[in-house]
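Reviewing the structure listed below.
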Amino acid sequence: ERKALEKMKGKESVTKDGQRVQLAGNIGTPNDLAGLQENDAEGVGLFRTEFLYMNRDTMPSEEEQFQAYKKVLETMNPKPIVIRTLDIGGDKNLSYLKIDKEMNPFLGYRAIRLCLVEQEFFKTQLRAILRASVYGNLKIMFPMISSIEELLQAKEVLNQVKGDLDQEGMKYASDVEVGIMIEVPSAAIISDLLAKHVDFFSIGTNDLIQYTCAVDRLNEKIHHLYQPFNPAVLRLIKTVIDNGHKAGIWVGMCGEIAGDKRMIPILIGMGLDKFSMSPISILPARKQMRELSVAECEKVTEKVLSLGSAEEIKLYLESLRI
Ligand code: PEP
Ligand code: MG
């Protein structure tokens, strides 16, 4: 088994019938670089930058952040690195940033909502990210976007920061792609509109499932309702991929299910361009993909989308021995 996976290193992530996909890793800090390299990641599809901010008493300085981003970009160059801006709040808190206690933190003051208010905080991070952009292949991603206004505001702040750097004579790459996480149902539903303003989407199924099904992703009691194969979730995923492609942008996924063996054929059948997962899942996913054809995946997807419940879908996938 291990040997078969070792053989996947250096091989292309391509289906039997020649469809290339990208297999990238999710990371939290530069310490995760070793895992990316050991598992032959084709880049980073999600750099969860909040880990640089957590478990400390003060905010990381621009310089500290710059060094961390630079290290990842430089080490992986020329592979693409998607840096997600701060996603704090929800289940993640910072001791040095007081957030009032909330009834529903996952529906509350978190991620881009917080960054658009705490703009100095946000700008410091964007400065560090942009300054690091000259050391590799950087893409910026905003979390928890739920409307057009929010996206345009975030892009406006990014432009302001670029203007500041221009004035100071600081260099940054001029071609940095800007994308968003699609992890809120409202964003998935208007993904046709959002697609006009970004270079890419990355579907965050961890949150998309929780918000679509109204199931707290951390609540053990209702865990059985947290269901990736819920037809509502699958339809939203398909909508997002279709809308992205119609607008000519690429669509990735960085939620846990991107590395799920049963989900991979469905996602290939839907035309997902990029899969980002825990690095340990990359080689198994590559092995599986190389044994699949797009044509057969499309059939699986069509069948799955015709079924009415998660239970039926799982039974069908089991019958395929996936
Ligand atoms: C997601 O919501 O799917 C995601 C990748 O982000 P996080 O798990 O960090 O919320
Ligand atoms: Mg999320």
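Just so you know, all these numbers are worked out from the coordinates, no wet-lab data involved. Note that the coordinates shown come from a computational prediction; the quantities given were computed from them, not determined experimentally. For neighbour counting, all protein chains shown are included, and Cβ atoms are generated from backbone atoms with ideal geometry for every residue, glycine included.
Testing the spin-label approximation: label points 7 Å from Cα along Cα→Cβ at Ile222 and Arg235. State their distance in nm.
Computed distance between label sites Ile222 and Arg235 equals 2.0 nm.
Identify which of Ala34, Ala187, Ala247 has the largest mean-square fluctuation in a Gaussian network model of the chain, with springs joining Cα atoms closer than 10 Å.
Maximum among the listed residues: Ala34.
Give the long-range amide H neighbours of Glu177: residues separated by 5 or more places, or on another chain, with amide H under 5 Å away, using H modelled in the peptide plane at 1.01 Å from N.
Ile140
Which of Asp91, Asp273, Asp164, Asp100 has the fewest other C-beta atoms within 10 Å, and how do the rest follow up to the most?
Asp100, Asp91, Asp164, Asp273
Quick one: among Ala214, Ala188, Ala41, which has the greatest mean-square fluctuation in a GNM of the chain with alpha-carbon springs under 10 angstrom?
Greatest mean-square fluctuation among the candidates belongs to Ala214.
By how many degrees, 0 to 90 and rounded to 10, does the Cα axis of helix 119-132 deviate from the longest principal axis of the chain?
Orientation of helix 119-132: about 70 degrees from the principal axis.
Kindly put Lys238, Lys246, Lys101, Lys303 in sequence by how many other C-beta atoms sit within 10 Å of each C-beta, fewest to most.
Result, fewest neighbours first: Lys101, Lys246, Lys303, Lys238.
Determine the relative contact order of the chain: mean sequence separation of Cα pairs under 8 Å and six or more apart, normalised by residue count, in whole percent.
Dividing the mean separation by the residue count of the chain yields 20 percent.
Calculate one ³J(HN,Hα) per residue across the stretch 39-52 by plugging θ = phi - 60° into the Karplus curve 6.51 cos²θ - 1.76 cosθ + 1.60, and present them in order as whole Hz with x for glycine and proline.
Each residue's phi maps through the Karplus curve to give 9, 6, 5, 8, x, 10, x, 7, 9, 7, 5, 4, 5, 6 Hz.
Normalising by the residue count of the stretch 184-297, find the relative contact order in percent from Cα pairs under 8 Å and 6+ residues apart.
27
Relative contact order for the stretch 9-119 using alpha-carbon pairs under 8 Å, separation at least 6, rounded to a whole percent?
With pairs under 8 Å counted, the relative contact order is 23 percent.
Among Ile182, Val72, Thr212, flag the residue with its Cα farthest along the positive direction of the charge dipole of the chain, charges on Cβ as +1 for Lys/Arg and -1 for Asp/Glu.
Val72
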